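Peer 1: Got a structure for you, written out below as structure tokens; questions coming shortly.
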Amino acid sequence: MALTGLMLLGFVLAHMIGNLKLYLGVVEHNGLNDYDANHYGHALRDLLVPILPRLVVLWIMRLGLITAFGLHIHSMYSLSRMNLLSNKKYTSKRDWIAANFASRSMRYSGLLVLAYLIFHLADLTWGWIPGYEFEQGAVQENVVGSLSNPIVAIIYIVANALLSIHIFHGAYSMFQSLGINNPSYNHLRKGLAIALALVILIGNVSFPIAVLTDVISLDPAALTVAVEG
Ligand code: HEM
């Protein structure tokens, strides 16, 4: 749970930092005036080209992410089963209730994050959600098109708040699983978990708010080219 959680946490943090490019507007790159976010999307698809064909590195990263996600869910099942068996041995009812509350809330918030992820991929990767004209590779246009719908923006805000609660609990117990569990720096463990969750919360929730308030917007100076993949 801890190791796959660490990989997923790394992705969420890197993805949030990458999405900050949405604030940078139009820039010139290789003679093309386009949104910085779109250049970034193209660059991710072109990683290590021409050493390797287009999309190869991106797909290797995607497979790593899918594997980490699958193993994370698998560990959740194994842990739940172990919990169920070991709960029978608890003598103090209070410990039992506290432990169960934390693990149960992780399971529910995790399932909601999974539902959000499917919605998010359908929205901004596959372009299946109606309401705006999706264009492959046009990251800035797609984000502005999708999140300028207040209902979609609220879904993103609520889901990302839930994700941050999940990350706080997850990071806190992850540090423990990885051995950082000494009374003299347990307060640091909590502080670090709060800081991580807060940075991700503020970053991710800022995007729908910035689109609704026109801080992230479209610029006629952009000359977006569509890409495949
Ligand atoms: C408001 C916050 C977020 C915004 C604005 C956002 C934006 C985007 C955009 C624009 C893409 C498509 C990129 C492209 O086609 O080049 C994308 C892909 C993706 N996002 Fe997000 N995202 C957000 C939060 C999240 C979160 C919290 C997660 C994970 C829980 C996540 C997981 C993914 C995944 C897995 C992909 C597919 C990456 C790929 O193509 O390999 N996103 N996101």
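The values are calculated or read from the model by the stated rules, or taken from the named source; none is laboratory data. All figures in this text were calculated on a predicted structure; none of them were measured in a lab. Quick reminder, even Gly has a Cβ in these numbers, built from the backbone with ideal geometry, and neighbours come from all protein chains shown. Please note that ligands, DNA and RNA were not included when accessible areas were found on the heavy atoms of the full protein model with its side chains. Shrake-Rupley method; radii C 1.70, N 1.55, O 1.52, S 1.80 Å.
Peer 1: Compute the projected area of the convex hull of the Cα atoms of the stretch 131-183, averaged over all viewing directions, and report it in nm² to one decimal place.
Peer 2: 5.5 nm²
Peer 1: Ranked by accessible surface with a 1.4 Å probe, highest first, in what order do S177, S146 come? If you can, show how the numbers build up before the last one.
Peer 2: Values: S177 85, S146 5 Å².
Accessible-area ranking of S177, S146, largest first: S177, S146.
Peer 1: Once the whole set of protein chains is in place, how much accessible area is left on W126, using a 1.4 Å probe, in Å² to the nearest 10?
Peer 2: Here the residue's solvent-accessible area equals roughly 120 Å².
Peer 1: Give the accessible surface of the stretch 121-203 per residue, rounded to a whole number of Å², with probe radius 1.4 Å and ligands, DNA and RNA excluded.
Peer 2: In whole numbers, the stretch 121-203 has 52 Å² accessible per residue.
Peer 1: Please give the calculated 222 nm ellipticity per residue for the chain, where each DSSP H segment of at least 4 residues contributes -39500 (n - 2.57) and the sum is spread over every residue; nearest 500 deg cm²/dmol?
Peer 2: -24000 deg cm²/dmol
Peer 1: Now, a different point. Given charges of +1 on the Cβ of Lys and Arg and -1 on the Cβ of Asp and Glu, with all other atoms neutral, how large is the dipole of the chain about its Cα centre, in debye to the nearest 20?
Peer 2: Charge dipole, the chain, about its Cα centre: 1780 debye, nearest 20.
Peer 1: Also: Rounded to whole Å and sorted largest first, list the principal axis extents of the Cα atoms in the stretch 105-168.
Peer 2: 37, 20, 17
Peer 1: Would you mind telling me the share, in percent, of accessible area of the stretch 1-87 contributed by carbon and sulfur at probe 1.4 angstrom? Present the calculation step by step, with values, prior to reporting the outcome.
Peer 2: Numbers: 3940 of 5330 Å².
Answer for the stretch 1-87 is 74 percent, counting heavy atoms of protein chains only.
Peer 1: What shape does the stretch 1-60 take by its C-alpha gyration tensor, where a ≥ b ≥ c are the square roots of the eigenvalues and a/c under 1.5 counts as rounded, a/b above b/c as prolate, and the rest as oblate?
Peer 2: Verdict is oblate for the stretch 1-60.
Peer 1: Specify which residue in the list I167, S105, G10 is farthest towards the positive end of the charge dipole of the chain, using unit charges on the beta carbon of Lys, Arg (+1) and Asp, Glu (-1), about the Cα centre.
Peer 2: The Cα lying farthest towards the positive end belongs to S105.
Peer 1: Mind listing the phi-derived Karplus ³J(HN,Hα) values for the stretch 34-42, rounded to whole Hz, using 6.51, -1.76 and 1.60 with θ = phi - 60°, and x for any glycine or proline?
Peer 2: Along the stretch 34-42, the couplings run 8, 5, 4, 4, 6, 4, 4, x, 5 Hz.
Peer 1: Tell me the Kirkwood radius of the chain: reciprocal of the mean inverse pair distance over distinct alpha-carbon atoms, in Å.
Peer 2: Numbers: mean 1/r = 0.0509 Å⁻¹.
It is 19.7 Å.
Peer 1: Shifting gears a bit: Using a Förster distance of 22 Å, how high is the FRET efficiency between Q176 and F69, based on the Cβ-Cβ distance and rounded to 0.05?
Peer 2: Numbers: r = 22 Å, r/R0 = 1.00.
That gives a FRET efficiency of 0.50.
Peer 1: How much of the calculated P(r) for the stretch 111-229 lies past 20 Å, in percent of all Cα pairs?
Peer 2: Percentage above 20 Å: 53.
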